[in-house]
Amino acid sequence: MDKVLALFDFDGTITTKDTLLELIKFHKGKSGFYAGLLQLSPYVALQKAGVINAQQLKEKFISFFWKGISAAEFKLLGESFVKEKLPAMLRPLALAKIAEYKKLKYEVAIVSASAEEWVKPFCDAQGITCISTRLEKKDGRLTGKLDGKNCNKEEKVQRVELYFGIKNYQQIIAFGDTSGDLPMLAIASESNFKPFR
């Protein structure tokens, strides 16, 4: 029997919204979110202009909103977000596809640029593998930096290879919705772009 690996992007593919932004609103409230966004807007413009990359922009956001928070508190925040807010953002067709693949005994993984503090609780509840961006901690607190590379673009492929070993699978099915997913879609024998819209 062929071994099959199914890879899903998270934000925009399984969810209808960007979960980092929704987590900020959940924790800081809409007023705190928009006040922060105003201060961070120059960095957003720099990223759009290609002066800084997505990882640098993400670190600006993480640092602004959560630098110095205890890792334990942030972990609880992620778990609360997944329990209280994430269900309303999930695409039913994506959940159905995950359930179908699990029933077929495929290896299923989420491969996400979002942080494991809120992606992993979702994956654990689904009984699937989580491959996601990690946040740097020092002395039990978030530094505002990422631990390693942002899990996006080619890094998604690198992390999948490291975790699973791509050659171990006769078939790879991938799902994504942005340019950051294209390298992952390129390694798949079946690629699906924006499939659940």
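Bear in mind these aren't lab numbers, they're just calculated from the coordinates by the rules spelled out. Worth saying up front: this structure is predicted, and the values here are computed from it rather than measured. With ideal geometry, Cβ positions are generated from the backbone for all residues, glycine too; neighbour counts draw on all protein chains shown.
Please state which one of Leu95, Leu40 is hydrophobic (A, V, I, L, M, F, W, C) and under 20 Å from Asp11 (Cα atoms). It is Leu95.
Note on the stretch 102-197: enclosed strands (runs of 3 or more DSSP E) holding 3 or more residues that are free of Cβ contacts under 8 Å to residues at least 40 places away in the same chain are 129-133, 190-193. The set of residues from the stretch 1-43 being among the charged types (D, E, K, R), farther than 17 Å from Gly176 by Cβ and in contact (Cβ under 8 Å) with a residue 12 or more places away in the chain comprises Asp2, Lys3, Glu22, Lys28.
Candidates Asp18, Asp11: the one that is surrounded by fewer than 16 Cβ atoms within 10 Å (Cβ to Cβ), acidic (Asp, Glu) and under 21 Å from Lys153 (Cβ atoms) is Asp18.
Filter the stretch 173-197 down to residues that are within 14 Å of Leu5 (Cβ to Cβ), touching a helix residue (DSSP H, G or I) at 6+ places or on another chain (Cβ under 7 Å) and of a type outside the set (Ser, Thr, Tyr) and give me whichever is surrounded by the most Cβ atoms within 10 Å (Cβ to Cβ). If we take residues in the stretch 173-197 being within 14 Å of Leu5 (Cβ to Cβ), touching a helix residue (DSSP H, G or I) at 6+ places or on another chain (Cβ under 7 Å) and of a type outside the set (Ser, Thr, Tyr), then Ala174 is surrounded by the most Cβ atoms within 10 Å (Cβ to Cβ).
Can you tell me which residue in the stretch 59-101 is surrounded by the fewest Cβ atoms within 10 Å (Cβ to Cβ), limited to those that are outside any helix (DSSP H, G or I) and small (Gly, Ala, Ser)? Walk me through it before giving the result.
Within the stretch 59-101, the subset outside any helix (DSSP H, G or I) is 67-70, 85, 90-91.
Subsequent filtering for residues that are small (Gly, Ala, Ser) retains 68, 70.
Numbers: Gly68: 9, Ser70: 13.
In this case the residue turns out to be Gly68.
When Ile24 is tested against (1) farther than 21 Å from Gly140 by Cα; (2) part of a helix (DSSP H, G or I), just one condition goes unmet, and that condition is (1).
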